[in-house]
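**Q** Quick one: the structure is below, questions incoming.
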Amino acid sequence: MGTKNLKKNLTILQMHWGFPPTIGGVETHLTLLGPELVKRGHKVYLLTGLPEGTEHEEEYEGMKVYRTPYFDLNWLLQRGFEAIEGELREFLFSYLDKIKPDLIHTHNMHYFSRVHAKLLNDYARSNQVPLILTAHNVWDDGLFLDLTNEVVKWNHIIAVSNYIKEELQSVGVKESRISVVYHGVDTERFKPASAQALIKKYPQFKGKKVIFHPARMGLAKGCDTSIKAIAIVKKQVPEVMLILCGIRNIIDWNSTQQKDIAYMLHLIKTLDLEKNVYIDMIPHNLISKFYNLASVSVYPSTACEPFGITMLESLSSSVPMVVTETGGMPEIIQDGLNGYIVKVKKHNDLADRIIRLLKDADSARRLGSNGRDMVLRSFTIEKMVDDTIDVYQQVMKGC
């Protein structure tokens with residue numbers, strides 16, 4: 001590509017399969033990244049899926065959002081990816097020609113669809129538009145290898161953790177083409193605060209020692225491990241209450257969530273924990289309040305979590321967190337400093353750390369305070385966007 005002067009104000013296209021009301025780590029990240037880029041003078045567009053009940057076009061805090069079923073994974077799974085190639089090409093190229101992006105920043109577009117990746121690469125190469133990928137995850141199959149290394153010529157890849165960076169390098173991506181940019185968190189939304197208003201709304205939590213598991217409800221997130229741990233904690237702390245939360249709008253690629261929830265309900269009944277486990281879909285706008293209610297947060301994932309943005313939410317709220325030693329989580333949770341790390345599926349160890357924090361309030365406060373300080377130093381939205389813009393500048397100078 002030829003030389004191109006770096007423009008102070010860029011037209012940036014963000015691209016991902018989901019955006020609120022669809023909720024997940026990537027979707028949350030986009031709600032923070034786009035608006036902050038707008039505040040800094042850039043024009044930001046987002047191309048995303050069209051969940052039921054949403055409009056094709058809207059504005060989100062200055063970011064122009066366009067929704068289409070062509071980027072809705074739940075719809076695409078039923079329709080078939082290959083069947084839409086012609087109409088997708090017509091739509092995608094027309095949309096890109098209209099907004100004329102200076103760069104295209106995609107999120108997890110190195111998986112799910114070879115058709116989308118190929119068309120995106122064709123447009124970018126033909127029009128000399130740099131392509132940036134944020135890899136929020138990695139997968140162990142040929143599609144991931146192809147879309148990461150061969151089908152698309154990514155100008156640069158952002159990894160959300162050193163774990164992801166190392167995984168990318170292990171499959172042939174050169175280190176010089178990867179930058180680690182950690183997530184940030186809204187430290188004003190997630191901060192220590194009273195939970196009295198929430199207790200009025202949910203009186204069943206009054207007088208309880210709350211353990212919050214802030215993750216999509218599923219076995220991969222270790223929800224069953226949390227339930228088994230609470231059965232042990234209950235013997236020493238009878239007033240313990242585990243909150244398993246979920247969001248109604250998710251990308252449930254393999255339609256497994258309802259099966260997982262059915263198993264968890266059965267497990268709760270088997271262990272006689274009906275009065276000690278609250279399991280429900282929680283409105284997204286109330287999630288921050290549930291951290292204020294909690295004494296401890298847990299995330300005993302059995303999968304290799306690429307990062308786990310809930311860690312930052314918990315620490316920013318001054319709530320210590322117990323996680324498993326998987327993926328990128330040990331890069332944030334430091335054992336004995338802002339939380340604890342346990343081995344995968346070791347519910348006895350998880351219970352031990354929960355009991356330790358519930359019985360030693362001073363230690364819990366210290367770990368929580370350390371966590372808040374760490375977030376304010378290293379994991380703010382401002383730092384995340386600063387680091388992202390550094391990548392943009394590097395890529396634009398090289399084009």
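The values are calculated or read from the model by the stated rules, or taken from the named source; none is laboratory data. Quantities reported herein were computed from a predicted structural model and do not represent experimental measurements. Don't worry about glycine lacking a Cβ; one is built from the backbone with ideal geometry, like all the others, and counts go over all protein chains shown.
**Q** Could you please find all residues in segment 361-399 being closer than 23 Å to Glu313 by Cβ and part of a loop (DSSP other than H, G, I, E, B)?
**A** Phe379
**Q** Moving on. Hey, can you tell me all the residues within segment 355-399 that are out of contact with any Pro (no Cβ under 9 Å at 6 or more places or on another chain) and farther than 29 Å from Asp186 by Cβ?
**A** Ile355, Arg356, Lys359, Asp360, Lys397
**Q** Among the residues of segment 145-154, write down those that are touching a helix residue (DSSP H, G or I) at 6+ places or on another chain (Cβ under 9 Å) and surrounded by fewer than 21 Cβ atoms within 10 Å (Cβ to Cβ).
**A** Asp146, Val151, Lys153
**Q** Could you tell me whether segment 294-314 includes any residue that is crowded, with 24+ Cβ neighbours inside 10 Å, on the phi > 0 side of the Ramachandran plot and outside the structural domain of Ile23 (by TED's automatic domain parsing)?
**A** Yes, that holds for at least one residue.
**Q** Of all residues in segment 193-237, which are farther than 27 Å from Lys343 by Cβ and assigned to a loop (DSSP other than H, G, I, E, B)?
**A** Across segment 193-237, the qualifying residues are Ala193, Ser194, Ala195, Tyr202, Lys206, Gly207, Lys208.
**Q** Is there any pair linking a residue in segment 115-126 that is not assigned by TED's automatic domain parsing to the domain that holds Ser94 to one that is in a helix (DSSP H, G or I) and among the aliphatic types (A, V, I, L, M), with Cβ under 9 Å and at least six apart or on different chains, and which?
**A** Sorted first by the residue in segment 115-126, then by its partner, the list stays empty.
**Q** Anything in segment 101-153 that is assigned to a helix (DSSP H, G or I), within 19 Å of Leu77 (Cβ to Cβ) and either among the aromatic types (Phe, Trp, Tyr) or in contact with a Lys or Arg (Cβ under 6 Å, 6 or more places away or on another chain) (or both)? List them, or say none.
**A** Listed by number, the residues that qualify are Leu119, Phe144.
**Q** When you look at Thr11, is it at pLDDT 95 or above, surrounded by fewer than 22 Cβ atoms within 10 Å (Cβ to Cβ) and of a type outside the set (A, V, I, L, M), yes or no?
**A** On the way: at pLDDT 95 or above: yes; surrounded by fewer than 22 Cβ atoms within 10 Å (Cβ to Cβ): yes; of a type outside the set (A, V, I, L, M): yes.
So Thr11 fits the description; yes.
**Q** Kindly check whether there is at least one residue in segment 319-326 that is surrounded by fewer than 22 Cβ atoms within 10 Å (Cβ to Cβ) and in the same structural domain as Gln236 (by TED's automatic domain parsing).
**A** Scanning segment 319-326 turns up at least one residue that is surrounded by fewer than 22 Cβ atoms within 10 Å (Cβ to Cβ) and in the same structural domain as Gln236 (by TED's automatic domain parsing).
One line per residue, one yes/no per condition, for (1) closer than 25 Å to Gly41 by Cβ; (2) crowded, with 21+ Cβ neighbours inside 10 Å:
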site: Arg114; (1), (2): no, no
site: Asn121; (1), (2): no, no
site: Gln128; (1), (2): yes, no
site: Leu133; (1), (2): yes, yes
site: Leu143; (1), (2): no, no
site: Glu167; (1), (2): no, yes
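**Q** Filter segment 269-283 down to the residues that are more than 12 Å from Gln204 (Cβ to Cβ), within 21 Å of the chain's Cα centre (by Cα) and either at pLDDT 95 or above or not aliphatic (A, V, I, L, M) (or both) and list them by number.
**A** Pro283, the sole residue that qualifies.
**Q** Follow-up. Looking at segment 269-280, which of the residues that are farther than 13 Å from Ala215 by Cβ and among the hydrophobic types (A, V, I, L, M, F, W, C) is surrounded by the fewest Cβ atoms within 10 Å (Cβ to Cβ)?
**A** Ranking the qualifying residues of segment 269-280, first place goes to Leu271.
**Q** Next question. Could you list, in sequence order, all residues of segment 92-143 that are under 18 Å from Gly18 (Cβ atoms) and of a type in the set (Phe, Trp, Tyr)?
**A** Tyr95, Tyr111, Phe112, Trp139
**Q** May I pose another question? Are any residues in segment 31-61 part of a loop (DSSP other than H, G, I, E, B), surrounded by 14 or more Cβ atoms within 10 Å (Cβ to Cβ) and either without any contact (Cβ under 8 Å) to a residue 24 or more places away in the chain or in contact with a strand residue (DSSP E or B) (Cβ under 7 Å, 6 or more places away or on another chain) (or both), and if so, which ones?
**A** Passing the criteria: His42, Gly49, Leu50, Thr54.
**Q** Related question: Run Gln334 past the list (1) touching a strand residue (DSSP E or B) at 6+ places or on another chain (Cβ under 6 Å); (2) not assigned by TED's automatic domain parsing to the domain that holds Gln128 and report the number of the one that doesn't hold.
**A** (1)
**Q** Taking Val171 as the residue in question, decide whether it is within 27 Å of Ile389 (Cα to Cα), aliphatic (A, V, I, L, M), touching a Lys or Arg at 6+ places or on another chain (Cβ under 8 Å) and surrounded by fewer than 18 Cβ atoms within 10 Å (Cβ to Cβ).
**A** For Val171, the condition - within 27 Å of Ile389 (Cα to Cα), aliphatic (A, V, I, L, M), touching a Lys or Arg at 6+ places or on another chain (Cβ under 8 Å) and surrounded by fewer than 18 Cβ atoms within 10 Å (Cβ to Cβ) - is not met.
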